[in-house]
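Below is one structure; the comments refer to it alone.
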Amino acid sequence: MASPRTVLESRRVSRRHFLGAAAGGAAGLGGILAAGRAPAVAQTRELTFLTVASFVPETDKELKRQFEEWGARNKVKVRLDIIAHLQLVTKKAAEVQARSGHDLTALGPGLGDADLYFDYLADLNDVAGDVAPKNGGWLNPNDYLIRGKWKLLPWWMPPFPMAVRTDLLEEIGEKNPDTWEDWLRVGKKGKAIGHPFGTALGHSADANVTLLSILWSYGGSYVAKDGRTITINSKETRQAMEFVKRLYTEAMDPEVLAWDDASNNRCLNAGKCIAIHNPISAYESAKKDKVIAPGTQREIADVIDHVNTPRGPVDRKATTGFWCVGIWNFSKNQDLAKDFLRYHFQPDNLSRWVDAGHGFNMPFLTNLTKHPVYKSDKQYRYIPEVAKVSVPPSWPGPTTAASQQVWDLYIIPDMFAQHATGKMTADQAIAWAEKEMQEIYAGRKRRP
Amino acid sequence: MSSPARWPRRIRPLFTLYLPVTPFVFFALFPLYFMFVTSLKKNAELYDVNAAPFVIRHGVTFGHYELLSKDTLFWSWFVNSLLVSVAATVISVVLGILAAYSLARLRFLGANSFGVAIFITYLVPPSLLFLPLSTVVNRLGLSDSLWALVVTYPTFLVPFCTWLLMGYFRTVPKEIEECAMLDGCNRFQTLVRILLPVAVPGVICAALFAFTLSWNEFLYSLVFVSPAELKTMTVGVFSELIRGDIYYWGELMAGACLGSLPIVIAYVFFLDYYVSGLTAGAVK
């Protein structure tokens with residue numbers, strides 16, 4: 001047993017030791033306070049991910065499961081925050097302003113965020129390169145490069161087939177409509193029996209999608225491949241506008257001018273519209289809610305079919321919301337975030353995620369367009385076909401902040417609507433749109 | 001049996017009061033009624049374009065309330081809204097009382113300018129302020145916590161409360177405070193013991209408005225708080241029940257109905273205070 005004296009002596013601290021320890025402690029505490037974070041050994045690593053509420057809720061559950069699984073394997077605390085897609089613009093702006101927020105973030109709709117937030121997004125060249133070979137390659141990789149770099153990974157798109165009421169089609173004696181002219185004819189006959197065609201002509205993403213699809217199908221476009229020359233003033237645009245005017249006056253109700261993204265779903269599921277140009281969300285909700293077709297005992301979901309996006313005189317083209325994922329370069333966990341992206345984009349995980357979404361969320365990867373889910377229900381059979389002809393909204397021009405602004409300000413829907421409603425002649429509406437686009441592109445021109 | 005001569009006197013309020021008020025009551029209550037009716041309709045009826053929108057024809061369902069309670073964090077959002085609104089209201093009213101008293105009663109250089117400055121601050125819209133405030137919240141380390149809202153809501157509530165109370169305090173005669181001071185009260189005692197009891201309707205009015213503004217606030221809550229369990233009701237309902245082009249109308253309306261209750265209750269309880277003129281009795 002040690003003597004009391006020995007114990008006391010062992011506890012005695014010399015002045016030199018005390019000063020040294022005190023100085024070290026103060027320096028350490030000062031460092032922690034200055035850095036505003038705990039030392040590495042004491043930190044719990046946390047990865048945060050901001051995304052938008054998926055149109056099919058099971059998708060979010062599967063993403064959360066994968067995120068938590070990855071977190072458990074890597075001993076990283078994870079947090080998935082889900083907001084409505086309409087809220088994303090505000091949230092992104094605030095996070096960039098504060099240079100703080102989530103590590104991973106959903107971007108979109110559209111690839112324009114990558115140009116708009118180019119200086120705040122981490123380069124993902126390495127992740128894009130790792131992910132592609134395992135999934136059969138990106139569908140159209142050149143479309144996704146912003147200023148020659150992978151600033152985001154294109155994540156998923158909801159392709160836009162044509163959703164149609166088969167019972168009504170039979171009633172009006174139509175079979176296999178395929179071109180926009182076919183759909184005009186179907187719409188006219190449908191409207192005559194109280195079931196008009198439905199596509200938004202107001203300020204909504206659906207209006208942008210459908211009217212751009214028509215513009216391209218008639219051979220028009222609004223910006224050239226150089227990303228500078230505005231090409232909206234063309235005879236092809238005039239033809240497309242004349243077609244939309246006929247579609248509006250002969251086959252649709254005026255209410256389409258006030259439609260939001262939910263309106264066409266409601267029109268189809270209410271049993272009113274004969275057809276709408278829309279992703280499969282209307283069908284999915286009709287199936288879930290077991291909505292009955294008015295005047296019948298049949299469920300609406302049983303009499304809906306989805307066929308290819310229409311062809312025009314020149315081409316069959318469509319677009320959609322390009323939802324992407326990126327990593328803020330002010331994130332302190334960029335390596336972890338990249339690691340999770342590699343994990344999520346593994347073929348098995350992506351496959352499970354597509355399955356959970358019933359095929360609604362199609363990745364931009366070749367192998368995933370052949371996913372078994374698209375054969376699991378005949379309603380999904382055309383989705384891969386539509387995906388193949390889906391291009392970014394700025395096509396054939398590159399995606400830029402200016403093209404995103406053209407989308408966000410609904411220049412295309414306004415141009416079509418002003419002519420369709422007779423407020424402007426085709427020339428006046430085109431001249432208006434051309435001026436707006438030129439100003440947007442001039443204002444967004446990058447200074448060297 | 002009352003004589004026919006008395007009828008005009010009895011009928012008069014019908015024409016001078018009830019009938020003129022009816023359109024306003026209808027206008028004010030219609031949104032609540034529509035919310036309530038929609039929240040009880042089955043989805044099939046909600047989709048039916050031929051259904052009468054103002055009545056329930058195909059049976060009542062409580063399924064929307066059930067989904068809201070079971071499948072979302074609605075009640076957590078409700079509690080969050082309540083905590084934040086109460087805390088922000090208390091802080092703002094206390095600060096507003098102190099600021100309003102100073103500006104209404106004390107004579108110091110620039111008092112009027114301060115009053116105008118506060119009014120102008122109140123006019124700056126939150127949609128401009130949220131970007132710089134997000135930097136402030138981040139620097140304070142309050143992101144993704146309810147404290148972010150407790151701290152930022154007073155930025156628009158304090159100017160409002162101050163401005164409202166300043167006007168109210170000026171209607172209270174100075175003489176009653178001067179009497180108290182002659183009897184030995186200091187400034188603070190005068191404020192607490194004399195002015196505030198007299199100004200209860202004004203304070204309640206400020207508190208009610210502050211609570212309502214906090215309860216309905218959307219933008220700051222969206223920007224400063226991300227975790228699902230910390231969202232306030234306004235943001236939570238929007239985030240969870242609008243999924244792209246699918247709107248869960250029944251659940252949205254159920255959320256709106258339940259969300260209206262605290263405001264309705266608060267106004268029902270305090271309406272008398274709110275409208276009564278206690279100042280008249282105070283100066284007797």
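Data table
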{"read-out": "Residue count, the stretch A:280-295 (criterion: more than 8 Å from chain B (Cβ to nearest Cβ) and part of a loop (DSSP other than H, G, I, E, B))", "value": "3"}
{"read-out": "Residue under evaluation A:CYS324, criteria (1) free of Cβ contacts under 8 Å to residues at least 60 places away in the same chain; (2) closer than 24 Å to A:ASN208 by Cβ, criterion not met", "value": "(1)"}
{"read-out": "Which numbered condition A:HIS344 fails, given (1) surrounded by 19 or more Cβ atoms within 10 Å (Cβ to Cβ); (2) farther than 24 Å from A:HIS85 by Cα", "value": "(2)"}
{"read-out": "Residues of the stretch A:52-61 satisfying the condition of being more than 20 Å from B:PHE130 (Cβ to Cβ) and more than 7 Å from every other protein chain (Cβ to nearest Cβ)", "value": "A:VAL56, A:GLU58, A:THR59, A:ASP60, A:LYS61"}
{"read-out": "A:ARG381 being among the basic types (Lys, Arg) and closer than 22 Å to A:LYS317 by Cα", "value": "yes"}
{"read-out": "Listing of helices (runs of 4 or more DSSP H) fully contained in the stretch B:152-247 that carry 2 or more residues being closer than 30 Å to A:ASP60 by Cβ", "value": "B:200-216, B:219-224, B:233-241"}
{"read-out": "Residue that is within 30 Å of B:MET253 (Cα to Cα) and either in contact (Cβ under 8 Å) with a residue 60 or more places away in the chain or away from every other protein chain (no Cβ under 14 Å) (or both), where the choices are B:ALA111, B:ALA87", "value": "B:ALA87"}
{"read-out": "Restricting the stretch B:114-128 to residues that are free of Cβ contacts under 8 Å to residues at least 24 places away in the same chain and part of a helix (DSSP H, G or I), the residue that is nearest to the chain's Cα centre (by Cα)", "value": "B:LEU123"}
{"read-out": "Qualifying residue in the stretch A:100-109 (condition: within 12 Å of another protein chain (Cβ to nearest Cβ), surrounded by fewer than 21 Cβ atoms within 10 Å (Cβ to Cβ), closer than 19 Å to A:ASN361 by Cβ and out of contact with any His (no Cβ under 9 Å at 6 or more places or on another chain))", "value": "no"}
{"read-out": "Of residues in the stretch B:208-241 being crowded, with 21+ Cβ neighbours inside 10 Å and more than 20 Å from the chain's Cα centre (by Cα), the one nearest to B:LEU46 (Cα to Cα)", "value": "B:LEU241"}
{"read-out": "Extreme residue, nearest to the other protein chains (Cβ to nearest Cβ), among residues of the stretch A:151-166 that are crowded, with 24+ Cβ neighbours inside 10 Å and not in a strand (DSSP E or B)", "value": "A:PRO158"}
{"read-out": "Residue match in the stretch A:189-199 (condition: over 24 Å from A:TRP259 (Cα atoms), touching a strand residue (DSSP E or B) at 6+ places or on another chain (Cβ under 9 Å) and of a type outside the set (A, V, I, L, M))", "value": "no"}
{"read-out": "Qualifying residue in the stretch B:123-138 (condition: more than 14 Å from chain A (Cβ to nearest Cβ) and modelled with pLDDT under 90)", "value": "yes"}
{"read-out": "Selection from the stretch A:123-146 of residues that are over 17 Å from A:LEU350 (Cβ atoms) and outside any helix (DSSP H, G or I)", "value": "A:ASP123, A:ASN140, A:LEU145, A:ILE146"}
{"read-out": "Meets criteria (under 20 Å from B:GLU45 (Cβ atoms) and assigned to a helix (DSSP H, G or I)) for A:LEU268", "value": "yes"}
{"read-out": "Failed item, numbered, when A:SER217 is tested on (1) surrounded by fewer than 17 Cβ atoms within 10 Å (Cβ to Cβ); (2) of a type in the set (Ser, Thr, Tyr); (3) in contact (Cβ under 8 Å) with a residue 24 or more places away in the chain", "value": "(1)"}
{"read-out": "Any hit, the stretch B:141-161, residues being surrounded by fewer than 20 Cβ atoms within 10 Å (Cβ to Cβ), within 14 Å of chain A (Cβ to nearest Cβ) and more than 28 Å from B:LEU261 (Cα to Cα)", "value": "yes"}
{"read-out": "The stretch B:242-251, subset more than 27 Å from B:LEU133 (Cβ to Cβ) and crowded, with 20+ Cβ neighbours inside 10 Å, residue farthest from the other protein chains (Cβ to nearest Cβ)", "value": "B:GLU251"}
{"read-out": "Unique residue being over 19 Å from the mean Cα position of the chain (by Cα) and buried (at least 19 other Cβ atoms within 10 Å of the Cβ) when the list is A:ILE383, A:ILE440", "value": "A:ILE440"}
{"read-out": "In the stretch A:233-246, residue nearest to A:LEU268 (Cα to Cα) [restricted to those that are touching a Phe, Trp or Tyr at 6+ places or on another chain (Cβ under 7 Å) and surrounded by fewer than 24 Cβ atoms within 10 Å (Cβ to Cβ)]", "value": "A:PHE243"}
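Yes or no, residue by residue, for (1) farther than 21 Å from A:SER403 by Cβ; (2) part of a strand (DSSP E or B); (3) within 14 Å of chain B (Cβ to nearest Cβ):
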{"position": "A:GLU170", "(1), (2), (3)": "yes, no, no"}
{"position": "A:LYS191", "(1), (2), (3)": "yes, no, no"}
{"position": "A:HIS195", "(1), (2), (3)": "yes, no, yes"}
{"position": "A:VAL209", "(1), (2), (3)": "no, no, yes"}
{"position": "A:ILE214", "(1), (2), (3)": "no, no, no"}
{"position": "A:ARG228", "(1), (2), (3)": "no, no, no"}
{"position": "A:GLN239", "(1), (2), (3)": "yes, no, no"}
{"position": "A:GLU255", "(1), (2), (3)": "yes, no, yes"}
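Residue-by-condition table, conditions (1) under 27 Å from A:ALA282 (Cα atoms); (2) aromatic (Phe, Trp, Tyr); (3) more than 10 Å from chain B (Cβ to nearest Cβ):
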site: A:LEU50; (1), (2), (3): yes, no, no
site: A:LEU63; (1), (2), (3): yes, no, yes
site: A:ALA72; (1), (2), (3): no, no, yes
site: A:ASP81; (1), (2), (3): yes, no, no
site: A:LYS91; (1), (2), (3): no, no, no
site: A:ALA98; (1), (2), (3): no, no, no
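The values are calculated or read from the model by the stated rules, or taken from the named source; none is laboratory data. A quick note: this is a predicted structure, and the numbers were derived from the prediction, not measured. Neighbour counts run over all protein chains shown; Cβ positions are idealised from the backbone, glycine included.
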